[in-house]
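The values are calculated or read from the model by the stated rules, or taken from the named source; none is laboratory data. Given the structure is predicted, the values throughout are model-derived calculations rather than measurements. Note: ideal-geometry Cβ built from the backbone for every residue, glycine included; neighbour counts use all protein chains shown.
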Amino acid sequence: MEQLRYDKLQETLYHEVMDNGLQVYVLPKPGFRKTYATFATKYGSVDNHFRVAGGEETTVPDGIAHFLEHKMFEEPEGDIFATFASNGASANAFTSFDQTVYLFSATENIETNLSTLVDFVQRPYFTDENVEKEKGIIGQEINMYADNPDWRVYFGLIEAMYDKHPVHIDIAGTIESIATITKETLYTCYNSFYHPSNMLLFVVGGVEPEKVFELIRSNQAGKSYDKQGDIERIFEKEPEQVATKRKESKLAVSMPKCLFGFKEKELGLTGEAAVRRDLTTKLMLDLLLGSSTALYQKLYDEELISDSFGHEFNSSPQYAFSAIGGDTKDPDLLLKRIKEEIEPLLQSGFAEKDFERARKKKIGGYLRMLNSPENIAHEFTRYQFRGGDLFEVLPLYESITLDEVNARLRSHVDWEQLAVSLVVSP
């Protein structure tokens, strides 16, 4: 067990790699009653074409990572949620583009709940019958999201940007794609991506690190895993330009929804370089269109935006894009006004005082986040899977310069890389 000390944050992280390759991290929070644990695999919706070292190239149906997440909660004796509830824990899971995470939160019976978490994720139970039953359940979920305007406008933007990369495919897949899933394809994906060497267990809260490691060592020693090589994710080459400039969907909405963003051209970043770009981009977007900016206030006063207006930056080594927008009465006028206001900024750059204020705000938000076990757990895993370190974010923020943010503004805000997604009433 190694100790990683972050003196500036007054945090000590404990880390150990199990014999089977499982990465285990424990962050004790003295005085916290709640414990939060995540058991994550580096496997998401985009991983539909892959090869495990020594094996064959495999293509699987869209939506299978999400389908697999659903099926993991079913066991021969019933639903694992009931087991967690009987021990005072609240459990859940989610699938994103690049990871699947199983989790629980509890204030009691921590060791029992931790064993339950690790055991059920490492004990798949798929049958022809329960796979067929799940298709109807997930089909209803797909239809539900198809009627959700916020989901439609968000995935509409990604579809407008990306033509080949599977990031543009809905995380749940389609009714047609999940219809082809079998228990055999589920086991193929499970055996490929749920090997301990591709997974990370993170525990944060009122726990004693050595007790957690003893439990996990004993738990893993009782299970047998063959050594597994690297997983090669295979992606078709994505064109640099956006797939289409504008995508429009029709749903019954009281006001149009408009999301726009820029498709990143520079790809392949990992580790600290990727984290630094993410932080710089988010800081730049705050300076550009954050709620405390003059531009935001102008658009709000003109009633072109509401409190729903916001922004984000989503990235991986294979894709990266910004998403900006919300509800608006006039999408075209909103886009016109934003372009008019941004053009002079591309020449002049941001002011020093605005930059310092925005950076301090970001640092404050980061430090507040470290008081939330849930946020720490999710952010830590996301950073680790990207080769970064959540607890090194503070020095990175402190080292980002105004020149760097201005350069990022000019490289990212490329009108040729702009895509727009709208949801409007029929």
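Going residue by residue through region 205-223, is there one that turns out to be modelled with pLDDT of 95 or more, under 24 Å from the mean Cα position of the chain (by Cα) and either surrounded by 13 or more Cβ atoms within 10 Å (Cβ to Cβ) or within 30 Å of K329 (Cα to Cα) (or both)?
yes
Here's the yes/no breakdown for (1) without any contact (Cβ under 8 Å) to a residue 24 or more places away in the chain; (2) not in a loop (DSSP other than H, G, I, E, B):
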site	(1), (2)
Q3	yes, yes
K8	no, yes
L13	no, yes
V26	no, yes
F39	no, yes
Y43	no, no
A82	yes, yes
A85	yes, yes
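Taking helices (runs of 4 or more DSSP H) that fall entirely within region 162-274, which contain at least 1 residues that are within 30 Å of Y36 (Cα to Cα) and either out of contact with any Ser or Thr (no Cβ under 7 Å at 6 or more places or on another chain) or not acidic (D, E) (or both)?
183-193, 209-221
Return only the number of the condition from (1) surrounded by 13 or more Cβ atoms within 10 Å (Cβ to Cβ); (2) over 27 Å from the mean Cα position of the chain (by Cα) that Q347 does not satisfy.
Evaluating Q347 over (1) surrounded by 13 or more Cβ atoms within 10 Å (Cβ to Cβ); (2) over 27 Å from the mean Cα position of the chain (by Cα) leaves (1) as the failure.
I need the full set of residues from region 56-80 which are of a type in the set (D, E, K, R) and either surrounded by fewer than 21 Cβ atoms within 10 Å (Cβ to Cβ) or part of a helix (DSSP H, G or I) (or both), in order please.
If the condition is that a residue be of a type in the set (D, E, K, R) and either surrounded by fewer than 21 Cβ atoms within 10 Å (Cβ to Cβ) or part of a helix (DSSP H, G or I) (or both), then E56, E57, E69, K71, E74, E75, E77, D79 are the ones that fit.
State whether the residues of region 393-400 include one that is small (G, A, S), at pLDDT 95 or above and exposed (fewer than 15 other Cβ atoms within 10 Å of the Cβ).
Yes, that holds for at least one residue.
Return only the number of the condition from (1) small (G, A, S); (2) surrounded by fewer than 18 Cβ atoms within 10 Å (Cβ to Cβ); (3) in contact (Cβ under 8 Å) with a residue 24 or more places away in the chain that G388 does not satisfy.
(2)
Could you say whether any residue in region 156-179 is more than 20 Å from the chain's Cα centre (by Cα), crowded, with 21+ Cβ neighbours inside 10 Å and farther than 24 Å from C258 by Cβ?
yes
Only one residue in S308, S292, S322 is exposed (fewer than 13 other Cβ atoms within 10 Å of the Cβ) and within 17 Å of S421 (Cβ to Cβ), so which one is that?
The match here is S308.
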